[in-house]
Amino acid sequence: MKLASGSGCGIRVGLGLLLALCQLFAAAADPASEVQAKAQALARARAAVVGVRATAVEDARSIESLGRERQGSGVVIGADGLVLTIGYLILEADHVELVLGAERVVPARVVAYDLASGFGLLQGLVPVRVAPVRMGESSAVALQQPLMIASGGGDVGALSLARLVSRRAFSGYWEYHIDGALFTAPARIDHSGAALFNADGELLGIGSLVVMDALGPDQPRLPGNMFVPIDLLKSILPELRQRGASRGSTRAWLGLNCVEVDGMVRIVRTSPDSPAEQAGLLPGDRILRIDGVEVNGLEGLYKTLWGGAQPERAVILLVQRGGEQHTVTLQSRDRMKLLRRAKGI
């Protein structure tokens, strides 16, 4: 295991170095016994972090944006060896491995891919023999609170200290929105599926992105990472185990990649063979209205789109192209039906 800088490089970590890391968390008045207890909790948390390697099916739609071979992290959250990771690592994957150490790799199956939250679940096909972490409360983390980020697995992972610099809703350009996302700094490049822990070794979030605006819009530029908060998992975990996705993942999809600037939403790309491409929408088009509702940002666009009664229906957009406005009717799709599914979902 390595103690990582922002780039993920560093030195090997034993309990002694974890103790030193823990002292950065602790208050000056904390007794040595309490610091030692926290170090042991962090050591247990670190031990629950595993590496994830996945290969997508040959004709997966996601290969264009994510590549076929993917590598990241996950964390054991169940006594049965259930592993939580970021969903895009295992999207349309037909071969997945858990890296438990430099010389211990076990095959795994995909249990769930959740479009709504961004989480993914894996299960080892043989016992992983790793104790699960405790889940914390991501909503209770205070700004500037020191946190630990862990990636990889066994002695091939990395640790670093970070701080929570903002908590806010996040809208992704790929028709994705969550509330309460956690933003930390400094940035880690090995963020995919990395685990975010508090000083008690409780899991707070799963790493998703590198961002340049960790402090938020209209704030000074600060590179950092976005973590999907663990609070989003608690209410949907039974659904993910049973159905392979939450009910919130069954929703309309247009195949739009958009950016928001000063409340204006513009298309930057349409997915191949998507409703947006088939309707003739073009990069640069500004979306003014959706189903008669004015669009003032990505969040409003997505929530209006997903608020329809059926995931597959006619969706009407008013777009501005150059100096002209055009009304465009699209037939939305249920994206979950379009994904190549790994065995086990």
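The values are calculated or read from the model by the stated rules, or taken from the named source; none is laboratory data. The model shown is predicted, which means the values in this text are computed figures rather than measured ones. A quick note on method: Cβ atoms are made from the backbone with ideal geometry, for glycine too, and the neighbour counts reach across all protein chains shown.
Here are a few things to note about the model shown:
- Subset of segment 262-273 that is in a loop (DSSP other than H, G, I, E, B) and free of Cβ contacts under 8 Å to residues at least 40 places away in the same chain - its residue that is farthest from Val328 (Cα to Cα): Asp262
- Index of the failed condition, Leu182 passing every other in (1) touching a Gly at 6+ places or on another chain (Cβ under 9 Å); (2) closer than 27 Å to Gly78 by Cβ; (3) surrounded by fewer than 23 Cβ atoms within 10 Å (Cβ to Cβ): (3)
Residue-by-condition table, conditions (1) of a type in the set (Lys, Arg); (2) crowded, with 21+ Cβ neighbours inside 10 Å; (3) assigned to a strand (DSSP E or B):
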{"position": "Gln219", "(1), (2), (3)": "no, no, no"}
{"position": "Val228", "(1), (2), (3)": "no, yes, yes"}
{"position": "Leu233", "(1), (2), (3)": "no, yes, no"}
{"position": "Leu240", "(1), (2), (3)": "no, yes, no"}
{"position": "Gly248", "(1), (2), (3)": "no, no, no"}
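- Check on Arg335, among the basic types (Lys, Arg) and either touching a Ser or Thr at 6+ places or on another chain (Cβ under 7 Å) or at pLDDT below 95 (or both): yes
- Filtered residues of segment 45-55 (kept if in a strand (DSSP E or B) and buried (at least 21 other Cβ atoms within 10 Å of the Cβ)): Val49, Val50, Gly51, Val52, Ala54
- Those residues of segment 202-217 which are under 22 Å from Ser73 (Cβ atoms) and part of a strand (DSSP E or B), in sequence order: Glu202, Leu203, Leu204, Gly205, Ile206, Gly207, Ser208, Leu209, Val210, Val211
- Of all residues in segment 155-174, those that are buried (at least 24 other Cβ atoms within 10 Å of the Cβ) and either part of a loop (DSSP other than H, G, I, E, B) or not assigned by TED's automatic domain parsing to the domain that holds Ala37 (or both) total 1.
- From Glu34, Glu58, residue being at pLDDT below 90, part of a helix (DSSP H, G or I), assigned by TED's automatic domain parsing to the domain that holds Gly152 and surrounded by fewer than 16 Cβ atoms within 10 Å (Cβ to Cβ): Glu34
- Where Ala276 falls short, out of the listed (1) surrounded by 17 or more Cβ atoms within 10 Å (Cβ to Cβ); (2) within 24 Å of the chain's Cα centre (by Cα); (3) at pLDDT 95 or above; (4) not in a loop (DSSP other than H, G, I, E, B): (2)
- From the list Asn296, Asn257, the one residue that fits, being polar (S, T, N, Q), in a strand (DSSP E or B), under 26 Å from the mean Cα position of the chain (by Cα) and closer than 25 Å to Asp218 by Cβ, is Asn257.
- When segment 299-316 is filtered for residues that are within 23 Å of Ile178 (Cα to Cα) and outside any loop (DSSP other than H, G, I, E, B), the ones remaining, listed by number, are Glu299, Gly300, Leu301, Tyr302, Lys303, Thr304, Leu305, Trp306, Val315.
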